[in-house]
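The values are calculated or read from the model by the stated rules, or taken from the named source; none is laboratory data. Quick caveat, the model's predicted, so the values are computed rather than measured. Every residue, glycine among them, receives a Cβ derived from its backbone with ideal geometry; neighbour counts consider all protein chains shown. Side chains included, ligands, DNA and RNA excluded: accessible areas come from the protein's heavy atoms. Shrake-Rupley method; radii C 1.70, N 1.55, O 1.52, S 1.80 Å.
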Amino acid sequence: MMDLDPRLYENVSVSDNDVRNIVLSYLMHNCFKETAETFLSSTGLKLPVDYSVNVDKRKAIFNSVLEGNALKAIELTEELAPNLLENDMDLHFDLLSLHFIELVRSRKCTEALEFGQKKLTSFGKVPKYVEKLEDFMALLAYEEPEKSPMFHLLSPEYRQNVADILNRAVLAHANLPAYSSLERVVQQATVVRQYLQQEVGKDSYPPFSLKAFLSK
């Protein structure tokens, strides 16, 4: 069995190209095309063909969600990944809900109510959506929804989360990794640390924290 003490592996070398490819994967995964091109020119790396597939279209979809334009994101997604939203009910619900939220944010409450009745009511027949629908509809009861108990629904972080989910789904639809190499490395480090806790003891290896690791 491999020795569990990570200090014994501190001097193990890691290829610079491996690190650069991890960075490149993250940039292309998140549609930072211009930054990736600059990174490529400074490192001499070549862009794998898979990374460049539809990156501009993905970026347009990603940015549409971040800007709160969910209907545009739906339109572009249906063009780039036909049947994706039809087959992914959760994702379709998230996008339609985001449009509802943006209508509420703009104080277009009547329009939001009409949209909810037309596009979201059918989701109420599925138990897992009921609580979420109640939260969305509850926003209509507040003159300042940003100060309601559901204020997080109007936060930039909420848009970011929906954008990330959609981006991963579009990549998976194109048979590309849904997560960047960097994310998978962090996920693996987290699992390894959990394993060490179980095998060696909780006091020896605290849970992995990326924030704590970067602050060292």
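The table below gives the values:
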{"item": "Top-ranked residue of segment 73-106 - restricted to ones that are within 19 Å of Leu153 (Cα to Cα) and of a type outside the set (A, V, I, L, M, F, W, C), ranked as farthest from the chain's Cα centre (by Cα)", "result": "Ser106"}
{"item": "Residue that is least open to solvent (accessible area, probe 1.4 Å) [pool: residues in segment 133-159 that are among the aromatic types (Phe, Trp, Tyr) and in a helix (DSSP H, G or I)]", "result": "Phe136"}
{"item": "Which listed residue is hydrophobic (A, V, I, L, M, F, W, C) and open to solvent by 20 Å² or more (accessible area, probe 1.4 Å), from Val130, Val162, Val170", "result": "Val130"}
{"item": "Cross-chain or 6+ apart pairs with Cβ under 6 Å, segment 13-27 first and farther than 9 Å from Leu45 by Cβ, then of a type outside the set (Lys, Arg) and at pLDDT 80 or above", "result": "Leu27/Thr35; Leu27/Ala36"}
{"item": "Single residue of segment 1-52 satisfying the filter (hydrophobic (A, V, I, L, M, F, W, C) and surrounded by fewer than 15 Cβ atoms within 10 Å (Cβ to Cβ)) that is modelled with the lowest pLDDT", "result": "Met1"}
{"item": "Qualifying residue in segment 39-50 (condition: on the phi > 0 side of the Ramachandran plot, among the basic types (Lys, Arg) and part of a loop (DSSP other than H, G, I, E, B))", "result": "no"}
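Condition check ((1) within 21 Å of Val162 (Cα to Cα); (2) within 24 Å of the chain's Cα centre (by Cα)) across all residues:
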site	(1), (2)
Lys108	no, no
Glu114	no, no
Lys118	no, no
Thr121	yes, no
Gly124	yes, no
Leu133	yes, yes
Ala138	yes, no
Glu146	yes, yes
Met150	yes, yes
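Yes or no, residue by residue, for (1) without any contact (Cβ under 8 Å) to a residue 12 or more places away in the chain; (2) assigned to a helix (DSSP H, G or I); (3) surrounded by fewer than 21 Cβ atoms within 10 Å (Cβ to Cβ):
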| position | (1), (2), (3) |
| --- | --- |
| Lys57 | no, yes, yes |
| Ile61 | no, yes, no |
| Lys72 | yes, yes, yes |
| Glu75 | yes, yes, yes |
| Pro82 | yes, no, yes |
| Leu91 | no, yes, yes |
| Glu114 | yes, yes, yes |
